[in-house]
Each structure stands twice: as C-alpha cells, then as structure tokens.
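Here's the structure, in structure tokens; my notes come after.
The values are calculated or read from the model by the stated rules, or taken from the named source; none is laboratory data. Keep in mind it's a predicted model, so treat the numbers as computed, not measured. No Cβ is skipped: glycine too gets one built from the backbone with ideal geometry, and neighbour counts run over all protein chains shown. Heavy atoms of the whole protein, side chains included, go into the accessibility calculation; ligands, DNA and RNA do not. Shrake-Rupley method; radii C 1.70, N 1.55, O 1.52, S 1.80 Å.
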Amino acid sequence: MKQLVIFILGLLSISLLSSLINLDDTIKCSDNGCNGQYIGAEFINRSDIAHQFSNKMSAKVGDKLKELFKVGKYSKVDFDHIIMTTKGMGSGNVTYYLEIPFKRVNTKCEAYTSFDHVGGWNHKPALKSRKLQLKNVVIDHQELAISNLKTTPEGLQEYWIQWKNKVTQSMCK
C-alpha cells in the first residue's frame, strides 16, 4: 500500500513538472514584447516551480530580441513598463502573469539582445551573485542593464537584466 501511494505521488509530481515543461506554449511574443502566464502549484518538493516561469520568459524574450535584431528592428526591454502579477501566491496555487514590453532604438549598438532575471519567491533576490555569474557574458567595456526591483503585492521580487550579446552584437565593442 505504501509503495502504491509513493508511486501515485511520483506520477503526480511528474505530471505537474511536465505541465511546466509546456509553459513555452503560454508565452506569446510579438515585435512589441512577450507575455504569458503560469497557472498551477507554487512549490513541488519545496522547489519554487512557479518562479521557474521567469526562466522560461527570459529565454523567450532573449530569443525574440535576437530575432528582431537580425531583421533590423533594434529593440530593448522597456523596464519601466514590465507587468508582474502573482494572484493566489501563498495559497499553494498561483496565477503568475508576466508582460515584458520592448521599445525600439535607433542603432545596433543601442539594442540589447540577451535577457535574464534574478528573483525571489518571498525572499530577496541574490543580485550580487547573479552579476558575478553574468560578468563574462558582457561585451568588453559594456555593462549589464538592470531594472529597479520589481515586486508583486504577494511577495515575488525580480530584477530584470539585459545586455548586448557577445556573438550577436560583436560589432559593438
């Protein structure tokens, strides 16, 4: 009986994790930005599954910025107009909505083509550590562009980070 319960719990965990893997399907990007939402469990086995949506969004935003760059639509994330909501956070089930808008810039070297985040689900983000992790991805003599701390009323805290990709923007030294 005990083994059956463990087996069923394992299947439920796999099911919840597989729904997270398909999160990419909920993110939609256009020339003006990306948006999407995660609806589901906040934590599975004490891992902040809902917060992983920020990783998925960051990857999609970086891909879209590179795509726009390649067709001459030089862009960057508009930090001031990012929207984050985390309805239900703290209840065990959350709807995490993210909207990451872009704004156009005039030249290749004003654009940003890589994007990431550092955040905390009810704890302060480790910004200093993330900056150290990213120090080698920045083009020489360039800096990471980092948003002000964005927070939701329920306690999600995020810094959003963008930079010029070393490969895509190698001409911007």
Could we say that I100 is among the hydrophobic types (A, V, I, L, M, F, W, C), open to solvent by less than 20 Å² (accessible area, probe 1.4 Å), closer than 16 Å to H81 by Cα and touching a residue at least 12 places away in the same chain (Cβ under 8 Å) here? yes
What are the residues in the range 103-136 that are part of a loop (DSSP other than H, G, I, E, B) and open to solvent by 50 Å² or more (accessible area, probe 1.4 Å), if any? N106, T107, N122, H123, K124, A126, K135, N136
Residues of the range 137-162 that turn out to be out of contact with any Pro (no Cβ under 8 Å at 6 or more places or on another chain), touching a residue at least 40 places away in the same chain (Cβ under 8 Å) and open to solvent by less than 50 Å² (accessible area, probe 1.4 Å), as a count: 9
Hey, among the residues in the range 47-66 that are farther than 20 Å from T86 by Cα and among the basic types (K, R), which one's most open to solvent (accessible area, probe 1.4 Å)? K66
Checking the structure you have, find out if any residue of the range 22-45 is open to solvent by 30 Å² or more (accessible area, probe 1.4 Å), within 24 Å of T152 (Cβ to Cβ), modelled with pLDDT under 90 and not in a helix (DSSP H, G or I). yes
